Each structure stands twice: as structure tokens, then as C-alpha cells.
1. Among rounded, prolate and oblate, which fits the range 419-476 when a ≥ b ≥ c are the square roots of the eigenvalues of its C-alpha gyration tensor, a/c under 1.5 means rounded, and a/b larger than b/c means prolate?
2. Please tell me which of these pairs span more than 29 angstrom C-alpha to C-alpha: Lys99/Lys267; Lys6/Lys144; Lys161/Lys454; Lys8/Lys216; Lys144/Lys216; Lys73/Lys470?
3. What's the ranking of 280-287, 155-162, 96-103 by average number of surrounding C-beta atoms within 10 Å, highest first?
4. Order 361-373, 288-300 from most to least packed using the mean count of other Cβ atoms within 10 Å.
5. Pop the C-beta distance of Thr191 and Ala250 into the FRET formula with R0 = 45 Å and round what comes out to the nearest 0.05.
6. By average Cβ neighbour count within 10 Å, what is the ranking of 26-37, 457-468 from highest down?
7. Whole Å is fine, so just give me how far the alpha carbon centre of the range 163-181 lies from that of the range 10-86.
8. Once you keep just the Cα pairs under 8 angstrom separated by 6 or more residues, what percentage relative contact order results for the chain?
Amino acid sequence: MEKFFKIKERGSNIRTEIIAGLTTFFAMAYIVMVNPDQVTGFTPGLDNIWNSVYVASVLVACLGTLLMAFLGKMPFAQACGMGLNSFFFVSFVLPEVIKGTEGDPVLGYQAGAVIILLEGLLFFLLSATGVRQQIARALPECLKKAIPAGIGLFIAFIGFKNVGIIQDNMYTFVQFFDFNGAIDAAKAAGTSVWAAIAPVVLALLGLLLIGVLNKKNIKGSILISILVTTVLYYLTTWTMPDFGTTSVSATFKDFTEIGIVGLFNGKAWAHAFGDFANMSAIFNAIMLIITFCLVDMFDTMGTLYGAASEANMLDENGDPINLDKCMLCDSIGTVAGAVFGTSTCTTFVESSAGVAAGGRTGLASLVTGICFFLCLFLSPIAKIIPSCATAPALIFVGVLMLKNFSKVDMSDMRSAIPAFLTLIMMPLTYSIANGIGIGAIAYVIISLFTGEYKKRDIIVTAVAILFVLKFVLITM
């Protein structure tokens, strides 16, 4: 084990790697429940698709994360990408739902799997030929340094939003949790006031607990906080963990009947490309393939740079070690996801929680992968961990990753503005890829008009052009 994973060489130990793997799992376990919800759009009557996607989600997370363990040998986990799963629903399932009795959501779902397969194969080709790695290495230094910080803000925002610390506001867009409103609403309804505010209070306490434990250099501070907060939640709210009621046999039945067989349905291929007779439909399918590939590429790229930077696992050029193998793992995961019948697989930003807990090797990913495998038969064990327990982990990782932005040269506007846009657009557009794309566009334009455009900027220019096309032609 030591020889294969090089645990001591990377300054870690088996206990730390196990804790890191568990931490990553608890931080991202929500995906096995959320992904089916997103792919079906919470639409009633799509239980067969939900069940199929549930099994596929677990299989993809398990396979993709184990690939990272044994091929990439890095402490990163993979699963179906958030945002991309919603885009999948809007692009393929929703149009069939809107048609009512004339629509066929299952056919739309299977057509989506066809597009994901082709995107995954394109992704694999770019990874296997080294083109994707060259794109990553060609990014300007200012973007490389801003990406981890932007991801930090992004995942902290996810943590704040998931637990309700940040709420929607029709006038100011977002606001801090309305304690007074929640208390008044609970009193008016005759329900428990504490239950109404407990998730937010416990999440904030969990974050402070991580800070105290970390300050005292106590190992596993994030995992300890997750477990303590979980126990406090159930004890103080007098509720029992909800293990779910979905039948294991039902999920596997739907998975085998409409999920894994979808790619062998000729009607699904014809549906994906408008029966190959409509040039507009064919063009739209091609743009969807490119869009999914583009977003997946830069989501993964951003996560790898962010997490590797936090773990001090960058090479002399500032690129993640084993970058090529990690990207290959991601592309294989996407192809496998299409075969299983779910949306694009990507490296998860929540991997940073495990890295922050000390994970440095593929052993952490092995532990995470095993945990996902168990979810396949427990339908699902991960659901007992409340969001108020995992949110502090994501927020704390955001705290750690923001330090990278201090390395940006803010006195040079050619670096400062693209870096700032990359930083701020990730949380504001809820997309790592969008942040990178907008930063790249700004970098190219400023370089051109200040006479500092270099030959090495050709690749980042191509990236900027692709993102311009994406923003103009595709709605996400």
C-alpha cells in the first residue's frame, strides 16, 4: 500500500488518508440524491428515470473516484457535475415533459445519454492526445492563481446556500438568514422555533468548531465537526435520521430497463439528432456536445488546480502533478456515465474538503469510492448527514483556498482584472467554467489592446473564442 500510493513520500499516513476520504464523502454524498432530482427536474411521474439515475449516479461516483485512486493516484473524487445535470434536464427531459401526453421523457433522457457519450468520447480524445493538458498548462499565471481562490468562494457560497445561511431576496438578490422571520413563522404555525433556526445555528457553530480544532492542530477537524454537528442536530431537534424509502429492487429494475440500455436504442440516437433530417437539430446537437465538453473540461481543470494548490501538489510550473492521468480519469468517467445513463461526470470541488483534512494520495479516494459503493445498497446511507453538518466543511475550505489570490499581481491590470473576474464570476454565475471563460476573454482583450499579446497566448485565445460562442449560442 505504501509503495503503491506513496503515502509517506507525500507527508501523510494511513489514518489521515482514511479520515480525508470519509470527509470528502460526507461533503459530497448529497450528489447521490440531488443528481436524480436535478435530471428529472423534481417532475412528478418520472420515478422510473429518478430510480435509474440514482443507480447510475452512485456507479459513476464509485467508478470515477476509484479511477482517481488507482490511475490518477490523487485524493480527488468524481461524480455527476452540478449545473450540468440541470442543463441535461432542460435540454433533453423538459422538452418532452412540456409536450404532455405526446412527449416521451424516457426517450429524451436516453437521447441525452447519447449526447453525453459523444461528449465523453471527444473529451477522452482530447485527454489521450494531450491537447487538454496543453490547454491547462497554457493558462496565464494570473488565471492559475485566481482559479483556486474563485473555487474557494464558489464552494463557500454553496455551503452558505445549502444550509440557508444565505437566502434569496427579491430586492437585494441575496440576504443573511432571516432569524426574526423564521421565528415569527414558526410561532404562527405552532411549530418548533428551534427547528426553524437549528440548521443555520448549528452550521455556524460547526464552522467555529472547525476553526478552534484547526487552530489547536487537531487532526481530522473537519470530520469531527461533521460528526458532532450531525449528532447535535438529531439530539436537539428530536428527529430520527431518514434513511429513505426507495426500494433497492425498484431502482435496479428501472436502471436495467431504461438506463444502461438507453445507448442501444436507435430511436434515442435519431431523437438526439432530429432524425438526421433537420440541419438545425443536428447543429444544435453538435453545439450541445461542444458545450458539455467545454464546461466539463474547465470545471475539472479548475478543481484540479484548486485542490492541488491547497495540497501543495503542484510541479515547478505551477501545474498539478499527475495532471494528464487525472484528466484521463475524468474523461473515462464521463463515458461510463453515459453508458450507465446519467449526466457528465466531473471532478468535484468538494474534494478540497478531504485535501484540507490531510488527504494527499489515492488512498483517500479509495475510501471515498468504497463509501459510494455502499450507498448503492443502502438507498442511501449518506442521507442521514444533514446539510448543516457538511456546509461548515465547504465554507472552511473556501477560507483556506482564498489565500491563493494574494499571489496575483494586482498592480498589473493585465493580471488584476482577469484574475478578479475569474474570482468573482465563479460564485455569481454558479459555474467554475464560466469564471475561467470570462477571465480568459478579459485577458486576451487587454493583452491585444496593450500590445502585450504573445505567441503563447494563442491557446488561451482559442479558449476565449469558444466561450464567446458558448455564451452567445447556448443558454444554460
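Where a number appears in this text, it was derived from the coordinates with a stated rule and is not lab data. Not measured: the values here are computed from a predicted model. As a convention, Cβ positions derive from the backbone with ideal geometry for all residues, glycine included, and neighbour counts pool all protein chains shown.
1. Working: a/c = 2.53, a/b = 1.54, b/c = 1.64.
Here the range 419-476 falls in the oblate category.
2. Details: Lys99/Lys267 18 Å; Lys6/Lys144 27 Å; Lys161/Lys454 41 Å; Lys8/Lys216 23 Å; Lys144/Lys216 31 Å; Lys73/Lys470 33 Å.
Checking Cα-Cα distances, Lys161/Lys454; Lys144/Lys216; Lys73/Lys470 exceed 29 Å.
3. Sorting 280-287, 155-162, 96-103 by mean packing, highest first, produces 155-162, 280-287, 96-103.
4. Numbers: 361-373: 26.2, 288-300: 24.5.
Highest-to-lowest ranking by the protection proxy: 361-373, 288-300.
5. My answer for the efficiency is 0.85.
6. Descending mean neighbour count gives 26-37, 457-468.
7. The range 163-181 and the range 10-86 have Cα centres separated by 29 Å.
8. Numbers: 862 pairs, mean separation 165.1, N = 476.
Normalised by residue count, the contact order of the chain is 35 percent.
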